[in-house]
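Notes follow once the structure below has been shown.
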Amino acid sequence: MNAIENKATEIVRGVCSLDCPDQCGLLLHKEAGRIVKVEGDPAHPMTQGAICNKVRHMAERLYDPARLRYPMKRTGKKGDGAFERISWEEAIETIVSKWKTLIATEGAESILPYSFYGNMGRIGTEGMDRRFFHRMGASRLEQTICEAAGTEGYRYTMGGSYGTSPEDTVHAKLIVMWGINAVSTNLHQIVLAEKARKNGARIVAIDVHRNRTAKWADWFIPIRPGTDAALALGLMHILFEEGMTDETFLQTYTVGHEKLRQHVKSYDPEFVSSVTGVPVEDIYELARLYGRTTPSFIRIGNGIQHHDNGGMCVRTIACLPALTGQWMHRGGGAIKGNGSYLEFNKAALQRPQLRKQPARSVNMNLLGNALLKLDPPIRSLYVYNSNPAVVAPNAGKVRQGLMREDLFTVVHDLFLTETARYADLVLPATSSFENHDIYRSYWHHYVQIQQPAIEPYGESKSNPDVFRLLAQGMGFEEEALRDSDEDMIRQALNNPANPNLEGITYERLLEEQYARANVQPLFPGKLPTPSGKIELYSRAMELKGLPPLPTYMPLPADEAEDLPFQFIPAPNHNFLNSTFSHNAKHVRLEGGEPKLYMHTEDAASLGIRSGERVRVWNSRGSCELTATVGDDVVRGTVVSQGLWADAEGSSRLVNALTPDRLADMGGGAVFFSGRVKVEKLESVS
Ligand SMILES: Nc1nc2c(c(=O)[nH]1)N[C@H]1C(S)=C(S)[C@@H](COP(=O)(O)OP(=O)(O)OC[C@H]3O[C@@H](n4cnc5c(=O)[nH]c(N)nc54)[C@H](O)[C@@H]3O)O[C@H]1N2
Ligand SMILES: Nc1nc2c(c(=O)[nH]1)N[C@H]1C(S)=C(S)[C@@H](COP(=O)(O)OP(=O)(O)OC[C@H]3O[C@@H](n4cnc5c(=O)[nH]c(N)nc54)[C@H](O)[C@@H]3O)O[C@H]1N2
Ligand code: SF4
Ligand SMILES: [Mo]
């Protein structure tokens, strides 16, 4: 049963909808129809009642006075944020008549949907919305902003997002947190690693920044940005040279190990040290630790793949566990993501066959270009589950595009986000606790359900509800556009192509709230790579013109100017991307303002001290941050954390500086490959 009665309050089970690997089970405490407290569900087998601080304060976000209650239309200039209330009827009618005219005059491709996973519910992100835009024939969006490069890189090696089962990682004796700030971004991996540590495991963190995770680890290895593939190849060099490889595993389950053995000879520790900045002794020590410890587990983060060479970097690190046969040992191996184990029935959910003719596709990392340069132009943008004016690379260009008077923009969100301020129409969205949806983690193996726990806030509506209304308004008559949430949940769960989901039904989720997919160990077994084995040598990469063997490729110079610092604008602890950046509580928890972490010597050379305001800039834009000086970042690199809401009078928009180039694979984003200058801001007296 889902509702647990209690005298004063009612407690309802739920699931965290945020874009976070943990996907915690929740207990929602209700009083008089409102959620008053959010707790972890102690019964959830993976998350066991522990949740992060962000979501413990979720009730404050749900009832934040700034939350949108009704549809609005713009009354001022784009970007100003002046709106007036309208009815849903007027909102839908306005959108429909605008879109009908556009379709008749310029074609449906003049309309671009833009969305990401602000709420991970599958039917709200890949259900009625997809059906609607397919039926309409709108331009397609390539959803590449998050993990696209790393996912493709990992796929070349392992055939898909298949890794170690996280519950098994308690058995690991060595855990490497590689480019992941898991204390902030994958809390329960830390819980499991702590258990492993109690049983004698050693924990290593490899990062450009001594972040919370590096401080918690037993050994922090600072590394120059974008050079991790070189370190991994250096480790392979030593593993082969010192006979620490598992030859039986290599012969049985991999292709290309002989070629790799020859290839890594050129990555000797001296060369690798000169590239990475990691001392030669440390490279040997890490290689021997890795080569002699079983089981060893690598948690591959998203940080290393937000670079120009990010796909190859992940592809390379993903080869390491094969060298020492870690996949044969419980808890050994790696996780980049585990999403492929839990694939729903995508075709049944999204209905691509509703699209009658092919349409152009737009990479979301190039939104600024798409709005400013695409020919024939985008005339209308429909944004949901995302806040591109803050989160997209080269965000200044995105905002310039959003300023276009002739661009008809609709934003559906819970808050008047920076993006919404540029909209012609703003639609209020329900929170995930008001919706009916299913969730699958990209880390653990559980599928979960959310049933509506509270009434919709004000006049807000869920994504599927809005698309059903729009479909009706457009006169689209297909039955698929009238399916209920429950219909779509059933269709998504029924996936004969994925036997792991067998037995996970809608009824069972209603009854049990979460269900573990039937995931079996990867080995002994066959991978979905072309060869069925781990591809140390990848013919598929060769055919694409990529180096078929793991290879270190230096980052390209960013722009022509002399920009002394590599700029790493990473996520922070108390926000989730830009979510919570509008909520006073979370801003306070995060210290009130964004910082720029600098190395002592770099700061000294510019006369900058901790607490002073600095300007960070390059040819794309500029922002103002507060310096924090110390030895937590490698020299030549500056780090900021968090995607902050716009501030009055000064810019905190770190993405004003980030490049909108595409990574080597998957059309991924390169948030961390930009370079900047830094100067002290003279205080205005
Ligand atoms: N609290 C919190 N949790 C979150 C999020 C959030 O914003 N806040 N965002 C969610 C989302 S959408 C995602 S994708 C994940 C991301 O979470 P993670 O997988 O942890 O990835 P990032 O935080 O982007 O980057 C991790 C680390 O990579 C480091 N890094 C950058 N470049 C390099 C490099 O070249 N080499 C190495 N070794 N390290 C490098 C950064 O310093 C950073 O500490 O977290 C999710 N969870
Ligand atoms: N500099 C820099 N930039 C980055 C990153 C970085 O590390 N550094 N990380 C990148 C990564 S990994 C990611 S994943 C992206 C994430 O970028 P986004 O996907 O844009 O994530 P959020 O900023 O959380 O914005 C999600 C929005 O969806 C809204 N929302 C939530 N639920 C619903 C709903 O049910 N319906 C509707 N209509 N709206 C809803 C929220 O209120 C919020 O405004 O950011 C990227 N940008
Ligand atoms: S954001 Fe992540 S850690 Fe926090 S409650 Fe949600 S799933 Fe759990
Ligand atoms: Mo992400």
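Summary table below
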| quantity | calculated |
| --- | --- |
| Residues HIS436, HIS209, sorted so that the one with the fewest Cβ neighbours within 10 Å comes first | HIS436, HIS209 |
| Cα-centre dipole for the chain with unit charges at Cβ (Lys and Arg positive, Asp and Glu negative), debye to 20 | 140 debye |
| Sparse-neighbourhood loop sites, GluC sites (Glu not before Pro) in the stretch 419-505 - DSSP loop, at most 16 other Cβ within 10 angstrom | GLU459, GLU477, GLU478, GLU502 |
| Entries in LYS98/LYS373; LYS54/LYS585; LYS173/LYS195; LYS356/LYS461; LYS259/LYS533 that, when Cα-Cα distance is taken, lie over 18 Å | LYS98/LYS373; LYS356/LYS461 |
| Sequence of TRP216, TRP327 once ranked by neighbouring C-beta atoms within 10 Å, starting from the fewest | TRP216, TRP327 |
| FRET efficiency, 1/(1 + (r/R0)^6) with R0 56 Å, evaluated for GLU682 and ARG34 via beta carbons | 0.70 |
| Label-point gap, in nm, between GLU479 and GLU511 - each point 7 angstrom along Cα→Cβ | 2.8 nm |
| Nitroxide proxy distance, nm - points 7 Å out along Cα→Cβ at GLU194 and GLU542 | 4.8 nm |
| For the stretch 454-497, size of Cβ-based charge dipole, Lys and Arg +1, Asp and Glu -1, in debye | 100 debye |
| Helix 463-474 axis, angle to the chain major axis (alpha carbon atoms, nearest 10°) | 50 degrees |
| Local electrostatic count, LEU509, Cβ distance below 15 Å [Lys/Arg +1, Asp/Glu -1] | -3 |
| Cα gyration tensor, the stretch 149-336 - rounded (a/c under 1.5), prolate or oblate | rounded |
| For the chain, share of DSSP beta bridges that run antiparallel, in % to the nearest 5 | 50 percent |
| Over the stretch 3-62: Rg over Rh, Cα atoms, Kirkwood Rh | 0.96 |
| Relative packing of peptides 82-93, 232-243, 403-414 - highest average C-beta neighbours within 10 Å first | 232-243, 403-414, 82-93 |
| Structure-based [θ]222 nm, the chain - -39500 (n - 2.57) summed over DSSP H runs of at least 4, per residue, nearest 500 | -8000 deg cm²/dmol |
| Ratio of the Cα radius of gyration of the stretch 565-683 to 2.2 N^0.38 Å, where N counts its residues | 1.04 |
| P(r) weight above 49 Å for the chain, C-alpha pairs, percent | 11 percent |
| Degrees separating the helix 148-158 axis from the principal Cα axis of the chain, which is the longest one | 50 degrees |
| Per-pair calculated FRET efficiency, R0 = 25 Å: GLU258 and TYR284 via Cβ, rounded to 0.05 | 0.55 |
| In degrees, nearest ten, helix 280-292 long axis to first principal axis of the chain (Cα) | 80 degrees |
| Sorted by Cβ neighbour density within 10 Å, fewest at the top, the residues SER115, SER462, SER531 | SER531, SER115, SER462 |
| 19 Å Cα-Cα reach of LYS215 towards aspartates and glutamates, excluding residues that sit fewer than 8 places from it in its own chain | GLU194, ASP207, ASP282, GLU590, ASP631, ASP632 |
| Calculated from backbone phi, Karplus (6.51, -1.76, 1.60) coupling profile of the stretch 255-262 in Hz, x at Gly/Pro | 10, x, 5, 5, 5, 5, 4, 5 |
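Each value in this text was obtained by applying a stated rule to the coordinates, not by laboratory testing. Predicted model only: the values in this text are computed from it and were never measured. For neighbour counting, all protein chains shown are included, and Cβ atoms are generated from backbone atoms with ideal geometry for every residue, glycine included.
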